[in-house]
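Trainee: Here you go, one structure.
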């Protein structure tokens, strides 16, 4: 704790000029690195660039590169967060004249040091108000970004010590529908990363909730009905937009006419020029029809004969009143002199357009809009399903509705349908905690075994802690997946790139920062030596 | 930003060095000093060495190698003594409720010395606290005197089994019968349920202890009897919690009957019988004067302590157990508001408290040979804004406010 | 009907295991930790009659192959790593509520072996995690809950073998408003009353309770005391000191605050599995205790919600927080064996010990390590399924 504070150093630290860190001589054989070999010119450019940091470690892993890294000592060049070059030991000359780049050699103190991307917890509760963890009644319009709160100081030490630099926080855990989550750097004290992204979450099934076979069959139906509603909404909105365009056109014509034929003092305002006050419209719409003797006869037919006389009297009185009013109005409108009569019979007036009515807008619905983003491929959808039949149903629906970006959350029985998941091209977010339920077949070491089965099929997967405390279990789970036969690179990808991408963002080199380990990151004795986020290199004094 | 952290880091690094290992003698001078009796006096210096006060006097010469602390503009008192607390006791479990008579239970056995309660008390200037069992039993158990900080934690208990707590009134009977709806299979279906029953439990326990002594057969009596006999033999004080007028008179009756070394606890209604108490000569550890309610239909008065002191009763103060009292020094200030002279109020939380608890040879005054428990205050301690700048317990600096108003360098 | 089913399930198992146990076996692995601090490369174990009869080292080139002529079978695990089977010092695997008696708090005569069910499916889970022997123990809800039983769980083990220790508890979960004691103060007082009562009277006058508690005094029967908070730890240590108990502490969650007292007492500490929410102080506790010279053990293997082995996760986090790996291995093998005074039988792979062997793909504290096989008393108890398990070559009739 104390040492961490002491060792927070900005990039411009003087270590670059410290003699022990200056040179990267190594007596080992030159290494042939399959990835990112830069030309000598490029190396010279990098060495002269003051914004470049060279880090030397004994091994590195980068899910961006095809070769996934190297297990031999290398110099890695970083500009900002991005890894811009990999150089074998003999390529990089000793520090020379005019060199501006910084160098940091970790192999001196830790001969087995590793560099990996920062790990990402794909489902976390950090920075989320504990009161809202179990909140249920949310919809897709609630954004995590608006509910984050800075966490207590020092809490970030634990996951950082396990190499976890980034967490993805949903708006809630209890809700069956949750809007876009937020990606947060643990160092940032709760400020979400800027930029698009954030996946929607739909819980279609839960291992803890009791469900009959019939309920489980409804899983796809639930999703389908949600998407149908969204589609209908989209259609209504589109129609309204079209109507609005027409309205704009009509309104323009209306205004243009009056611009050409301005009103003179005393002219009656065109109807609708001053908007009617709300609430009055209804009364005015109920105005009685103009009564005529024929109409009265017609109306009377609707009434029983014994009432007709009384009603006739009332209607005739009403008719007289109407006639009197009409006559009065006519008299008022009647010309007092010839001029006015002319203007009243002005042919221009006859062509004056009616004021157009604004089309009624279908109520905006952020939930459906969010789902439409999913259908348009702009937003990722996370779907919690567990049983094999649920997974199959959701995959079939996704294919039918052309949902491109989807992540299956939980997916306790994914190992049963790994092939189908791979064919559908979706990834899987595995949770450490699963409750045994009848009808749910779990492998021993379920999360790890599930991961291994998925890795064998080539399905992309990642881990989420689904809480705050268990974040540090993620590396343990990943290692247990290795024990069950998963490829180590696949598991490291799961901890970094796959987890990051499961938030709906595209992975760039160094998106989660970089972590320097004292040795192989899965070894229990491994310590995090340094965290590099592009701006500063933070050295942890053997923190865990 | 980084630079601003360096002093903090340094202070964290260096703090332990300040807190422990004060081996060289220390001379405190320049402050106004309250030695435990009389008013604050100017020009007094205090020499501390080996955890004890070596000398108190005017213009003391500094011995060789002594560190000199110039405390101009500050006020020094002995460490305060709280007469009754529940510091470090688990909150709902400060009594063993399976029996009404548990005189043998020692509070020290379940005390959590690492509890944050002690730190809060310390930061209010309290260096010695009497931790007492709860008041749900007739015989609650044995009190313990603890230093609120310093040293390895075992050593902080500086006098165990200092007094036997007895509770009068209705409280011991309240848990019995009433709460359980009279279920006859409950452990709580038992006596006492009334005041009479409570007093009878006391009498019976003492009678049986005496009987056991008389029929002494060579075997050592059990622990409960040993504790009761110690109380009867004046080896330990008997702290009787009595709030109402009637209970106070009962306590006096019992003390007369069994010839006890009585200390009255809380004594909320002592207002009514100041003269009786003064004549009996028993000291009182008074209830916190700022608390406006009390159990057993007693009626608190702000001036009770002042009247008791005026009548010549020895009065110490307590913050009590779960009463919602203020810090001890504030309670002393409340007593002053009730008419108690300032000097008497400070004595009530230092020297008099030490006398009442029977540890006047260790704490309570600034005098040669006593523990160096010293509090340096930023203002006259009874003033509302005063706060401890430095606190020493047995010569160790256990609390220090670097940015304080004094010139403590 | 039920007995028939049981016989149907168990008999084949018993028969095969009995037959297996009859035959001597040479077990080859790439590396073995004989004890936590003693590593042997390319060892061969000669196992007969359920015991490790001899240990030898193979040549580097594989030329010398000791025991090939003596053993009737050879198991070769290639480069795998062997350790002693884990010993879980406080296991609470039993149907819910079976491991405590509610009406009284002092029940020292109860025996956990009477709550033992050899047919629980959980035992197989324990084997899969490398646990070959356990102490089935009363839980924390009684002041003195009863005698824990040392046993090697599973259908072959019909009877508990030892009275391992007397389980006591000073924790909050022991307090019960409806019986004595209702407080920690009362708990200490109750124990003191019983212990002092024993000292003040002669054995013929002892009541059954005193008779049951008497063997614990003066370092007789081992006592395991559960204590979590500072006050509980301190109270437990005071009792241990005053009555000279041969004791170890269980839990000790706030032990980091009582390091001085723990160091002074020097008695072993058995830590429960870490919760994922354990604060850093708790994670660092094993390392601090080990540094202070206090023997540390881990306990509490069970099937938790995360599906991970609790003992191994404890080892992993303790090592991450500064415990040397050898101490972590000791914490699940030799330290518990020593506490139980069973060091001549379990907790190591030395000559003459029970042949309880775990075979791992890597060192067991590495989370990537996979358990390949478990032998108990020379019998192959469990073997990892699937093709990726190390191939086991069995030869019969070498002689």
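The values are calculated or read from the model by the stated rules, or taken from the named source; none is laboratory data. Note that the coordinates shown come from a computational prediction; the quantities given were computed from them, not determined experimentally. So basically every Cβ, Gly included, is an ideal-geometry build from the backbone, and we count neighbours across all protein chains shown.
Trainee: The conditions are (1) within 11 Å of chain B (Cβ to nearest Cβ); (2) touching a residue at least 40 places away in the same chain (Cβ under 8 Å); (3) assigned to a helix (DSSP H, G or I), and residue C:185 fails exactly one of them. Which is it?
Mentor: (2)
Trainee: Confirm whether residue A:190 is closer than 30 Å to residue A:150 by Cα, out of contact with any strand residue (DSSP E or B) (no Cβ under 6 Å at 6 or more places or on another chain) and at pLDDT below 75.
Mentor: So residue A:190 fails the test.
Trainee: Would you be able to tell me the number of residues in the range B:107-136 that are part of a loop (DSSP other than H, G, I, E, B), touching a strand residue (DSSP E or B) at 6+ places or on another chain (Cβ under 7 Å) and more than 8 Å from chain C (Cβ to nearest Cβ)?
Mentor: 4
Trainee: Could I ask something else about it? Among the residues of the range A:148-160, write down those that are away from every other protein chain (no Cβ under 14 Å) and modelled with pLDDT of 80 or more.
Mentor: Within the range A:148-160, just A:148 meets the criteria.
Trainee: Taking the residues in the range C:168-178 that are at pLDDT 90 or above and within 10 Å of chain B (Cβ to nearest Cβ) as candidates, determine which candidate is nearest to residue B:95 (Cα to Cα).
Mentor: In this case the residue turns out to be C:175.
Trainee: Among the strands (runs of 3 or more DSSP E) confined wholly to the range A:72-129, which include 2 or more residues that are over 30 Å from residue A:464 (Cβ atoms)?
Mentor: Working: elements: A:74-79, A:82-88, A:102-105, A:114-117, A:119-121.
Hits in the range A:72-129: A:74-79, A:82-88, A:102-105.
Trainee: Could you tell me which of the residues B:395, B:405, B:320 is closer than 19 Å to residue B:26 by Cβ and modelled with pLDDT under 95? Steps first, answer last, please.
Mentor: Values: B:405 fails: closer than 19 Å to residue B:26 by Cβ; B:320 fails: closer than 19 Å to residue B:26 by Cβ.
Among B:395, B:405, B:320, only B:395 is closer than 19 Å to residue B:26 by Cβ and modelled with pLDDT under 95.
Trainee: Considering the range C:240-270 alone, what residues qualify as being at the interface with chain B (Cβ under 9 Å from one of its Cβ atoms) and either closer than 18 Å to residue C:338 by Cα or buried (at least 22 other Cβ atoms within 10 Å of the Cβ) (or both)?
Mentor: C:258
Trainee: Could you figure out which of (1) in contact (Cβ under 8 Å) with a residue 60 or more places away in the chain; (2) under 24 Å from the mean Cα position of the chain (by Cα) isn't true of residue A:539?
Mentor: Among (1) in contact (Cβ under 8 Å) with a residue 60 or more places away in the chain; (2) under 24 Å from the mean Cα position of the chain (by Cα), the lone unmet condition for residue A:539 is (2).
Trainee: Evaluate the range A:57-77: report whether one residue or more is touching a helix residue (DSSP H, G or I) at 6+ places or on another chain (Cβ under 6 Å) and modelled with pLDDT under 85.
Mentor: So far as the range A:57-77 goes, yes, one or more of its residues are touching a helix residue (DSSP H, G or I) at 6+ places or on another chain (Cβ under 6 Å) and modelled with pLDDT under 85.
Trainee: Something else now. Taking the criterion of being assigned to a helix (DSSP H, G or I) and either modelled with pLDDT of 85 or more or within 22 Å of residue A:389 (Cβ to Cβ) (or both), would at least one residue in the range A:161-184 satisfy it?
Mentor: no
Trainee: Does residue B:255 satisfy the criteria of being crowded, with 17+ Cβ neighbours inside 10 Å, part of a helix (DSSP H, G or I) and in contact with a strand residue (DSSP E or B) (Cβ under 6 Å, 6 or more places away or on another chain)?
Mentor: yes
Trainee: Can you tell me which residue in the range A:456-472 is surrounded by the fewest Cβ atoms within 10 Å (Cβ to Cβ), limited to those that are under 25 Å from the mean Cα position of the chain (by Cα) and modelled with pLDDT of 90 or more?
Mentor: The selected residue is A:460.
Conditions (1) in contact (Cβ under 8 Å) with a residue 24 or more places away in the chain; (2) surrounded by fewer than 17 Cβ atoms within 10 Å (Cβ to Cβ); (3) in a strand (DSSP E or B); (4) in the same structural domain as residue B:284 (by TED's automatic domain parsing), marked per residue:
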site	(1), (2), (3), (4)
B:302	yes, yes, no, yes
B:307	yes, no, no, yes
B:344	yes, no, no, yes
B:352	yes, no, no, yes
B:382	yes, no, no, no
B:385	no, yes, no, no
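Trainee: Would you point out which residue out of C:329, C:372 is within 14 Å of another protein chain (Cβ to nearest Cβ), assigned to a helix (DSSP H, G or I) and crowded, with 20+ Cβ neighbours inside 10 Å? Let's see the steps before the verdict.
Mentor: Values: C:372 fails: assigned to a helix (DSSP H, G or I).
That would be C:329, the only listed residue that is within 14 Å of another protein chain (Cβ to nearest Cβ), assigned to a helix (DSSP H, G or I) and crowded, with 20+ Cβ neighbours inside 10 Å.
Trainee: What number of residues in the range B:120-164 are under 18 Å from residue B:224 (Cβ atoms) and touching a helix residue (DSSP H, G or I) at 6+ places or on another chain (Cβ under 9 Å)?
Mentor: 16
Trainee: Taking the range A:455-488 on its own, how many of its residues are over 19 Å from residue A:385 (Cα atoms), in a loop (DSSP other than H, G, I, E, B) and at the interface with chain C (Cβ under 9 Å from one of its Cβ atoms)?
Mentor: Residues that pass the stated criteria total 3.
Trainee: Let me ask something additional. Since residue A:119 meets every condition but one in (1) over 23 Å from residue A:81 (Cβ atoms); (2) touching a helix residue (DSSP H, G or I) at 6+ places or on another chain (Cβ under 9 Å), which condition does it not meet?
Mentor: So residue A:119 meets the others, but not (1).
Trainee: Sticking with this one: Being crowded, with 24+ Cβ neighbours inside 10 Å and within 18 Å of the chain's Cα centre (by Cα) is the filter here, so list the residues in the range C:347-369 that pass it.
Mentor: C:347, C:348, C:349, C:354, C:355, C:356, C:357, C:358, C:359, C:364, C:365
Okay, residues lined up against (1) under 19 Å from residue A:445 (Cα atoms); (2) surrounded by fewer than 24 Cβ atoms within 10 Å (Cβ to Cβ):
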{"residue": "A:474", "(1), (2)": "yes, no"}
{"residue": "A:478", "(1), (2)": "yes, no"}
{"residue": "A:488", "(1), (2)": "yes, yes"}
{"residue": "A:493", "(1), (2)": "no, no"}
{"residue": "A:497", "(1), (2)": "no, yes"}
{"residue": "A:502", "(1), (2)": "no, no"}
{"residue": "A:509", "(1), (2)": "no, yes"}
{"residue": "A:519", "(1), (2)": "no, yes"}
{"residue": "A:539", "(1), (2)": "no, yes"}
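Trainee: Considering only residues that are more than 11 Å from chain B (Cβ to nearest Cβ) and buried (at least 17 other Cβ atoms within 10 Å of the Cβ), which ones fall in the range C:196-211?
Mentor: C:198, C:209, C:210
Trainee: Among the residues that make up the range B:259-268, is at least one of them surrounded by 20 or more Cβ atoms within 10 Å (Cβ to Cβ) and on the phi > 0 side of the Ramachandran plot?
Mentor: Residues of the range B:259-268 that are surrounded by 20 or more Cβ atoms within 10 Å (Cβ to Cβ), as a first pass: B:260, B:262-268.
Going one step further and asking which of them are on the phi > 0 side of the Ramachandran plot, we end up with B:266-267.
Checked the range B:259-268: at least one residue is surrounded by 20 or more Cβ atoms within 10 Å (Cβ to Cβ) and on the phi > 0 side of the Ramachandran plot.
Trainee: Taking the range C:247-282 only, how many residues are more than 29 Å from residue A:470 (Cα to Cα), in contact with a strand residue (DSSP E or B) (Cβ under 8 Å, 6 or more places away or on another chain) and assigned to a loop (DSSP other than H, G, I, E, B)?
Mentor: Going through the range C:247-282 one residue at a time, the tally reaches 1.
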